[in-house]
Structures are given as C-alpha cells and as structure tokens.
Amino acid sequence: MRVENMESSSGNAITNQFIIYGDDGTYFQSYNTIIAFWPFGGKVQLDADRWDYSVTTGKYRNIFLGEDKRATEKKIKSGEYTLVNLN
C-alpha cells in the first residue's frame, strides 16, 4: 500500500485528504474516513453515510472521481456506483 496527500492545483499537499493505492484498487480518504473505493476492474463504491459529508469532502471526492456532485448522484441512481459501508 502507498498513501499520498492529494495536491492543490499549485502542487502543495492538501492536509487530511489522501489517496491510498492498494493491491485491490484506489481509495479516497478524508481525515480518518474512507469516502470512496475504486476497485481495479470494478464499480466505484461510495460510503453510504459519508460520501457527501461536507463541502470539503465533496470538493476532493469530485477531484478523485473526476466529476461534479451532479454526475456522481446520477451514477448512484443508475447503479453505476454503489453505496456501501466502507468504515
């Protein structure tokens, strides 16, 4: 496993926002909470209780997924993303 801080547009490390590279896929962690998991070759999984926890979490979740909240909500509704307990 490898953990990296997310970076700002100017290349600075963002405190408390992490990308975790594991053997099974990539995770987005905000503070001490796993928000999203993108398994290799599988559907994105979002934590059912915390995927939309705060504005800050949402900002970095959007960066991790490469989309805005509206697109994420559509993918949840369509079943492309699943809501699970990641914590």
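Read the figures in this text as sums done on the coordinates, not as results from a lab. It should be emphasised that the depicted structure is a prediction, and the values quoted were computed from it without experimental measurement. Cβ: placed from backbone, ideal geometry, glycine included. Neighbour counts: every protein chain shown.
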Pick the calculated percent of Cα pairs over 20 Å apart for this structure from [x] 35; [y] 59; [z] 27? [z]
Straight-line reach from Lys69: which aspartates and glutamates have a Cα under 17 Å away, not including same-chain ones fewer than 8 places off? Asp47, Asp49, Asp52, Glu80
Counting other Cβ atoms within 10 Å of each Cβ, which GluC sites (Glu not before Pro) in region 28-87 have at most 15 and sit in a DSSP loop? Glu67, Glu80
Between helix 69-78 and the chain, what is the angle of the helix's C-alpha long axis to the longest principal axis, kept within 0 to 90° and rounded to the nearest 10? 30 degrees
Nearest-20 debye value, the chain charge dipole, Cβ charges on Lys, Arg, Asp, Glu: 240 debye
With angles folded into 0 to 90 degrees, how steeply does helix 55-65 sit against the dominant principal axis of the chain? Use alpha carbons for both and round to 10. 80 degrees
Treating only the Cβ of Lys, Arg, Asp and Glu as charged (+1, +1, -1, -1), what charge dipole size does region 37-86 show about its Cα centre? Round to the nearest 20 debye. 100 debye
Relative contact order of the chain, defined on C-alpha pairs under 8 angstrom at six or more residues apart (%): 21 percent
